[in-house]
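Colleague: Below is one structure. I have some questions about it.
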Amino acid sequence: MGRHALTTARLADERPFRPYPDRVEILWWLAPPVVATVLAMCWVSWLGRAGRGQIDPDVAARRLGDAMARPTRVSRTAAPRPSSPEERGTGVAVRPSSRTAGTTRRAS
C-alpha cells in the first residue's frame, strides 16, 4: 500500500483524525505559575510607571539640608594612617614577616 492509500482510507473513516489516540488534557498544573507571572508583570509595570514617587525639588533640598545638618552617628576613634610614599597598594594582602631581611626561603 502506498502513502495515498492510507490517506484515502483515513478520509473514508467517519471519525475525525486525531494525532493522539486518547483525549489529551490541558496542562492545568502550568496555569498557576503562568497566572502568577502575569500578575507579577502587571504589578511591576504599575510600580514603575512614570510620575510615581517623585518629590518636589524644594522639598528634596530641604530634606537634604536637614540630614546634612544633623550630627553623624559614626564616631572615629583614630584617624586613618597615611601611607608612606614607598608603600604601594597592590590589592593583595601580605602579612608582615617575622623573619629577618637576610633569610629568604623559596619553594622552588
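Colleague: For VAL34, state whether it is of a type in the set (A, V, I, L, M), over 26 Å from the mean Cα position of the chain (by Cα) and modelled with pLDDT of 80 or more.
Modeller: no
Colleague: Could I ask something else about it? Every residue in segment 19-63 that is of a type in the set (D, E, K, R) and in a loop (DSSP other than H, G, I, E, B), please.
Modeller: ASP22, ARG23, GLU25, ARG49, ARG52, ASP56
Colleague: Here are some residues: SER84, SER98, SER45, SER75. Which one is surrounded by fewer than 10 Cβ atoms within 10 Å (Cβ to Cβ) and at pLDDT 85 or above?
Modeller: One residue alone meets the criteria, SER45.
The values are calculated or read from the model by the stated rules, or taken from the named source; none is laboratory data. All values reported here derive from a predicted model rather than from experimental measurement. Cβ: placed from backbone, ideal geometry, glycine included. Neighbour counts: every protein chain shown.
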